[in-house]
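Scroll down for the structure; my scribbles are underneath it.
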Amino acid sequence: MKFTLGWLKDHLETEAPLDAILDGLIQCGFEVEGVENPGETLKDFTIARVLEAEQHPDADKLRVCKVDTGKGTAQVVCGAPNARKGLIGVFAAPGVYVPGSDFTLGKAKIGGVESMGMLCSERELELSDEHDGIIELPQSAGDHIGERYADVMGIGDPVIDIAITPNRPDGLGVRGIARDLAALGLGKLKKEDLGFAGKGKFGSPVAIELKFDKKNADACPVFAGRYIRGVRNGPSPDWMQRRLRAIGLRPINALVDVTNYVSYDRCRPLHVYDADKIAGNIHARLGKKGESLLALDGKTYDVDGEACVIADDKRVLGLGGIMGGEESGSTEETVNVFVEAAYFDPIRTATTGRKTGINSDARYRFERGIDPQTERLGVNIATKMILDMCGGEPAELVIAGEEPNPRTVITFDPARVEKLTGLKLKNADITGTLKKLGFAVEGTGDALTVTAPTWRPDIHGAADLVEEVIRIAGVDNVPVTPMHRAPGVSKPVMTDGQKRLSRTRRVLAGRGLVEAVTWSFIPRPDAELFGGGQQELELSNPISSEMSFMRPSLIPGLAAAARQNANRGFGDLALFEAGQVYSGDQPDDQRIAASGIRLGTSRLAGRGRHWSGETKSVDLFDAKADALAVIGALGFDPAKVQIVRGAEGWFHPGRSGVIRVGPKNIIGSFGELHPQILKTYDLDGPAAAFEIFIEAIPQSRRKSSQKPPLELNDLQPVNRDFAFVLDEDVLAGDVIRAAQGADKALISGVSVFDIFQGPSLGEGRKSMAIEITLQPQDKTLTDEQIDAVASKIVAAVKKATGGEIRA
C-alpha cells in the first residue's frame, strides 16, 4: 500500500515530522517497506530562466545559454532542441548529483566553451523517460526563480510504502491509516468528506437488479449506482495525476482516475461504465456456461457458473470485484456514465480471481473484506469528484439489496488488558483508545459493551480488543518480567520419538551423509512409481502440478535431489532425510521414516578412489550398513534382525533386502535402485538407498540411556573356517543365524567370506564359507572344546538349511 505524506494530511491534521509518522505506522502494525523522498533527491535543483540562447561557435546542435539562476547569471552549454530565450526550466549547478545520469556535475568546457551547470530533462531527474528536450515550466514559475523546483511544483511529497497484513483491510485506504495515527496521538482525524449531498436532477434511466437465488444471495448482497449525463471526460487534475503516479498507477482519464483514487483513498473500489454502451439495465448475477469477457487488460476470460458477474441485458460487463470489461469502459468520447459501487463476497471473489489469474487492486481489497456499508458513500464521493472535474448532471441514486451490517458486539472487561499483556492502563485510556479507532463503547466498570466498526472484520472477541489497545499504547511499554523458574534440574522436554529422530540424524551425519529437506508433495507419476498415488492422498489445492500428491516414501525426493547435485558436478554424494511418509488418510497411515541414498564411487562410505587403483561403486551393502547403523543407534541389536527377500519394486530385485524382526514387523528395506528408477530420475551409474521406519524399531530394554560398560577379554580368540554345500536358494542370513545359535556363550562373530558355484557341486548347489570367532571367557579353550563347538555348528547349520560340510 503506497501513499504520499500530503495525501495522508488530507485526512490527518498533523505537524509530526516524517520520521515520527514512520515510527507511528510501525507501532500501529503497518510495516514500513520503503520511503521515497523526491524532495530530498531534487533538493539542489532550482528554477531558472534562459536570458539568451546563442548558437555554439563550433557545434551546430549546441547552444550557449545565459541563465538567470536567482543567484546570478550562469553560462550553460545545452544541446536540447527547445533551449531558447525566455524558457523557464530546471537548473543544476556544478557539484549537484544528477540521479537520472548517475554523475555529479562539474565545471566543464564543451567545444571550447565553458559550461557552469546544466538545464535538465525529465529523465535526468527520474521523473519520466522523456529526454527529447529540457523541462519547460509554465511562465507563472518565473515568479520563483532560484527557488527549489520540487517545492514550487509540488512534487517533493514523500511516498510511503507499507505492508498490510490480511486481517487489516481498513489499512488499504489512506483514511484508515490516518485513523490509526490519530488514535496514536500523531494528529487529529479530519472530518470525513461524504461527497455529493444533493438530490438527483432526474430519475436514473438505468436500473439495477440482483438476480440470485437464496443460496447464492451473498455473492452480491448490495449494488448501488448513479447515472451522470453530459460529462466532459479528459485528463484528471495535475494533483491527482501526481499522486497516482507516485503510487505506481498510470493516469488514464478523469473518470477512470477518480475510481482509482477513491479505491486508495477510502478502500472503496468503484467502476465507471459508459452508459451509452449499456444495453438495458444492469444485473448482478452468476455467470453462465459459454459466456466470456473481454476485460480491461485486453484479455478474454471464460466465465463459469460460480463467478459473480455484472451484466446488461445482452452480455457480461465485468467480473464482480475483480475487473470491468473493455467494451463498456469509458473513453475520451464518453458523455454519459454510470458509477457502480457494490459489495462482493470475499471468498467467491478470491476463487474467481484464482481461476482467471487476474490480480487487480479491486480483487486485492474485496477478497480481504472491505467495509460493506460504503456503497452509498463511494458513489457520492465519486459523483462529487466527477461533477467537479467533468461537469454533468447527476441522476438519483439507485440501489438494489441491503448493505450488510456485520456488527460484532463484545462484552469486555478492561482488566483483561493487564491480565493478557502485563500493561496496566486506566479504564478511561482504554475506552478512549477504542473510541478513537471507531469502536462504540457503552457501559462502565468491568462490563463494557463494545461494538466493532464495520470496517474491522478481524475483530471477534475480547482478546482482539486487548490487541487494539496494546498496539496503540505501545508494545514497547509492556514491562519486562522474568518468567518463574522452578528450582532444580529441568525435566526433559523432548519426547521419546523426538529423541530417536535426533539420534537417527546424528548417526547418519556421522556416517558422512548430508541431511536434505525435500517437499512432502511430489508429482503423480513419482507417487505411483513408489507405491502411492491413491485418490485420498491427492491435494485438493496443490501449489503446482508438480506437487499434487503426498509422498509415500522419502526416496523420490532424495533421488530428485541427487540428480540436481549430479547435474552440478557432485557425482559422489550421500544424502539422508528424516520425515513423514503417507500411505493413506488415516492416522495410522502417517509414519516417521529415515531414508538415505548414496551415488557414485562410494568415497563417502570410506571406499572411494585410492592410490592402489581400487575404486568401488556404491552397492546394496553400503545401504545395508547405513540402515543397520540406524537400528543399532536406537538401541536394538542389529544382529537380531532378519534380512529377507521381497523389497519394494523400486529396488533391484536381486540386490535388495527387507529388514524385519519376526515374521510380521517390517522395519525397513535397502538395496540398489532399480534400473528403471535410475532412468526415470536420470541418474548415471548405480545408486543405493534405504528406508527405515523409526517407530517400527523395537524399544531398547535398557532402562538407562547410557551405553553398557565396555567388556574386554585378555584371552586370545580362536578363528575357525567352515564350508557348507547348500541349495543355491539358501540365504546367507539363515546360515549365519544357525551358526551363531550353536553356542551363544562362546561364538562372538560369524561372517561369510566366500561363495562358490560350479559343476563339481552339482546343479542348483553352492558352497558358502564362513568364519567363526570363538571368544573364551574364563580360560584358554582346549582342542576338545573347540571340536565340540565345531560339531554343534555343523549340526545346527544342517538342521536349519540342510547344508553338508564340504569335503
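The values are calculated or read from the model by the stated rules, or taken from the named source; none is laboratory data. Note that the structure is predicted; figures quoted are calculated from it, not measured. When we count neighbours, we look across all protein chains shown, and the Cβ atoms used for this are built from the backbone with ideal geometry, even at glycine. Accessible surface areas use protein heavy atoms only, side chains included; no ligands, DNA or RNA. Shrake-Rupley method; radii C 1.70, N 1.55, O 1.52, S 1.80 Å.
Laid out as a table, the results:
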| read-out | value |
| --- | --- |
| Within straight-line cross-link reach of LYS190, aspartates and glutamates at Cα separation under 14 Å, skipping those fewer than 8 residues along the same chain | ASP10, GLU13, GLU15, ASP180, ASP265 |
| Computed magnitude of the charge dipole of segment 201-342 (debye, nearest 20; Cβ of K, R +1, Cβ of D, E -1) | 380 |
| Label-point separation in nm, THR444 to LYS214, each point 7 Å along Cα→Cβ | 4.7 |
| For segment 282-350: span of alpha carbons on each principal axis (Å, largest first) | 35, 24, 23 |
| Positive-pole candidate from PHE549, ILE786, ALA224, dipole of the chain, charges at beta carbon | ILE786 |
| Set of lysines with alpha-carbon distance to LYS215 below 29 Å, sequence-local pairs under 8 removed | LYS288, LYS289, LYS314, LYS355 |
| Computed helical MRE - 222 nm, the chain, DSSP H runs ≥ 4 contributing -39500 (n - 2.57), nearest 500 | -7500 deg cm²/dmol |
| Packing-based ranking, highest mean first, of 40-51, 785-796 given that Cβ atoms within 10 Å are counted | 40-51, 785-796 |
| At q = 0.15 Å⁻¹, base-10 log of I(q)/I(0) for segment 115-225 (Debye sum, equal scatterers on each alpha carbon) | -1.01 |
| Convex hull projection area averaged over all views, the chain, Cα basis, nm² | 57.1 |
| Helix 462-473 axis, angle to the chain major axis (alpha carbon atoms, nearest 10°) | 60 |
| Apportionment of accessible area to carbon and sulfur, the chain, percent (1.4 Å) | 49 |
| Kirkwood Rh (inverse of mean 1/r, distinct Cα pairs), segment 97-156, angstrom | 13.2 |
| Per-residue SASA entry for GLU192, accessible area with 1.4 Å probe, Å² rounded to 10 | 70 |
| Over segment 46-163: Rg over Rh, Cα atoms, Kirkwood Rh | 0.99 |
| Rg/Rg_ref, segment 181-276, where Rg_ref = 2.2 N^0.38 Å and atoms are Cα | 1.39 |
| Nearest 10 degrees, 0 to 90: helix 555-567 Cα axis against the chain principal axis | 70 |
| Using a Förster distance of 41 Å, the FRET efficiency for LYS499-HIS460 (Cβ separation, nearest 0.05) | 0.55 |
| Cα-based reach from LYS744 at 17 Å (exclusive), listing aspartates and glutamates while leaving out same-chain residues under 8 positions away | ASP637, GLU711, ASP734, GLU771, ASP778, ASP787 |
| Longest to shortest principal axis, alpha-carbon extents of segment 484-532, angstrom | 56, 28, 16 |
| DSSP bridge pairs, the chain: antiparallel proportion in percent, nearest 5 | 95 |
| Exceeding the 30 Å Cα-Cα cut-off - candidates LYS9/LYS435; LYS9/LYS299; LYS499/LYS624; LYS2/LYS299 | LYS9/LYS299 |
| Segment 120-168 - accessible surface per residue (Å², probe 1.4 Å) | 51 |
| Dipole moment magnitude, nearest 20 debye, segment 285-427 about Cα centre, only Lys, Arg, Asp, Glu C-beta charged | 980 |
| Computed magnitude of the charge dipole of the chain (debye, nearest 20; Cβ of K, R +1, Cβ of D, E -1) | 1860 |
